[in-house]
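The values are calculated or read from the model by the stated rules, or taken from the named source; none is laboratory data. Keep in mind it's a predicted model, so treat the numbers as computed, not measured. Cβ atoms come from the backbone with ideal geometry, glycine included; neighbour counts cover every protein chain shown.
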């Protein structure tokens, strides 16, 4: 494999897929850090967002500091979380028919067909 293809494949191994349940948008993030920076903990705590690994497996947001709404002061705390593999929930492939894709990672995965092929290649 030439260096350019190797670098691209290394980059794609780290992508995180984010699915916004409200807008039905699928976003491709370059890394876990990028995904966490882009999606507020409160959005996850309210159940409006799902994450998936590069292989399409579900990821769980594990909070070290809980996201909270402070009703008396009309403020909120986003919390702090990391993403961990989990065995519950549907894989990314189950959501591909109802999404609009946004390739924030500039990964080349800008269409649903690109993502489907990428996930199939990972299963080989």
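Can you name the residue in region 71-80 that is assigned to a loop (DSSP other than H, G, I, E, B) and either at negative phi or over 23 Å from the mean Cα position of the chain (by Cα) (or both) and, of all such residues, is modelled with the highest pLDDT?
Narrowing region 71-80 to residues assigned to a loop (DSSP other than H, G, I, E, B): 71-74, 78-79.
From what is left, the residues that are either at negative phi or over 23 Å from the mean Cα position of the chain (by Cα) (or both) are 71-74, 78.
Values: 71: 75, 72: 72, 73: 66, 74: 74, 78: 81.
Going through the qualifying residues, I end up with 78.
Listed residues 46, 40; which is under 17 Å from residue 81 (Cα atoms), surrounded by 11 or more Cβ atoms within 10 Å (Cβ to Cβ) and modelled with pLDDT under 90?
Working: 40 fails: modelled with pLDDT under 90.
The unique qualifying residue is 46.
So in region 81-97, with the set limited to residues that are part of a strand (DSSP E or B) and either surrounded by 14 or more Cβ atoms within 10 Å (Cβ to Cβ) or touching a residue at least 40 places away in the same chain (Cβ under 8 Å) (or both), which one is farthest from the chain's Cα centre (by Cα)? First the steps, then the outcome.
Taking region 81-97 as the starting set, the residues that turn out to be part of a strand (DSSP E or B) are 81-85.
Then drop every residue that is not either surrounded by 14 or more Cβ atoms within 10 Å (Cβ to Cβ) or touching a residue at least 40 places away in the same chain (Cβ under 8 Å) (or both), which leaves 81-83.
On the way: 81: 13, 82: 12, 83: 9 Å.
Checking each candidate, the answer is 81.
What about residue 96, is it within 21 Å of residue 23 (Cα to Cα) and modelled with pLDDT under 75? So that I can check it myself, show each step before the final result.
Values: within 21 Å of residue 23 (Cα to Cα): yes; modelled with pLDDT under 75: yes.
Yes; evaluated as a whole, the condition is true for this residue.
Of (1) touching a helix residue (DSSP H, G or I) at 6+ places or on another chain (Cβ under 7 Å); (2) at pLDDT below 90, residue 56 satisfies all except one. Which?
Only one criterion is unmet by residue 56, namely (2).
In region 23-37, which residue that is part of a helix (DSSP H, G or I) and within 10 Å of the chain's Cα centre (by Cα) is farthest from residue 84 (Cα to Cα)?
Kept after step one, since they are part of a helix (DSSP H, G or I), are these residues of region 23-37: 32-37.
Still in the running and within 10 Å of the chain's Cα centre (by Cα): 32, 34-36.
Details: 32: 10, 34: 15, 35: 13, 36: 12 Å.
Among residues in region 23-37 that are part of a helix (DSSP H, G or I) and within 10 Å of the chain's Cα centre (by Cα), the one farthest from residue 84 (Cα to Cα) is 34.
Pull up region 59-70, narrow it to residues that are farther than 20 Å from residue 15 by Cα and in contact with a helix residue (DSSP H, G or I) (Cβ under 9 Å, 6 or more places away or on another chain), then point me to the one that is modelled with the highest pLDDT.
63
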